[in-house]
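**Student:** Structure in structure tokens, see below.
The values are calculated or read from the model by the stated rules, or taken from the named source; none is laboratory data. These numbers come from a predicted model, not from an experiment. Ideal geometry is used to build each Cβ from the backbone, glycine not excepted, and the neighbour counts take in all protein chains shown. Areas reflect the complete protein model, heavy atoms only, side chains present, ligands, DNA and RNA absent. Shrake-Rupley method; radii C 1.70, N 1.55, O 1.52, S 1.80 Å.
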Amino acid sequence: MAGLWRGYQQLLSRHPWKTQLATAGTLMGVGDVISQQLVERKGLKDHDTTRTLKMMSIGFCFVGPVVGKWYQTLDRVVPGSNKTVALKKMLLDQIMW
């Protein structure tokens, strides 16, 4: 598991934008599958693949870029990495969204 995390961190440092977009799209797709299978209990036969692909597209094309730029902006506006800075970023994030 630690190896997977290190690999992800390396991808993130080499290709931050592409990795963020792929992560957002993948997480939204997985979230939709979980929603359909565990919450709505559709079963594999009735799984709405089109809906899952739409959710992934929203993640790739909207959520990933918007959230990625937002966190870049937060890093620029509130520089640093200690606990106080993290708290400021969290408060600003919650107030703005």
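**Student:** From the helices alone, meaning DSSP H stretches of at least four residues, give me the mean residue ellipticity at 222 nm for the chain, per-run term -39500 (n - 2.57), in deg cm²/dmol to the nearest 500.
**Tutor:** -23500 deg cm²/dmol, from helical runs alone.
**Student:** Under the classification rounded if a/c is under 1.5, otherwise prolate if a/b is larger than b/c and oblate if not, where does the range 1-63 fall, given a ≥ b ≥ c as square roots of the Cα gyration tensor eigenvalues?
**Tutor:** Note, shape of the range 1-63 comes out oblate.
**Student:** Carbon-plus-sulfur fraction of the accessible area of the chain, 1.4 Å probe, in percent?
**Tutor:** 67
**Student:** Next question, about the same structure. With r defined as the distance between the Cβ atoms of Leu87 and Thr26 and R0 fixed at 30 Å, what FRET efficiency is calculated, to the nearest 0.05?
**Tutor:** Approximately 0.55, to the nearest 0.05.
**Student:** Any idea what angle helix 64-77 forms with the longest principal axis of the chain, computed on alpha-carbon atoms, 0 to 90 degrees, nearest 10?
**Tutor:** 10
**Student:** Now, a different point. Counting heavy atoms of the protein chains only and a 1.4 Å probe, report the per residue accessible area for the chain as a whole number of Å².
**Tutor:** Per residue, the chain has 76 Å² of solvent-accessible surface.
**Student:** Oh, and also: Out of Pro79, Gly64, Gly29, whose Cα points farthest toward the positive end of the dipole of the chain (charges: +1 Lys, Arg; -1 Asp, Glu; placed on Cβ)?
**Tutor:** Checked the options; the winner is Pro79.
**Student:** Also, quick follow-up: Between Leu11 and Ser35, what length in nm is gained on full extension when 0.36 nm per residue of separation is reduced by their alpha carbon distance?
**Tutor:** Gain on extension, Leu11 to Ser35, equals 5.8 nm.
**Student:** Starting at the first residue of the range 28-41, write each ³J(HN,Hα) from the Karplus equation 6.51 cos²θ - 1.76 cosθ + 1.60 with θ = phi - 60°, in whole Hz, x for Gly and Pro.
**Tutor:** 5, x, 4, x, 5, 4, 4, 4, 5, 8, 9, 8, 7, 6
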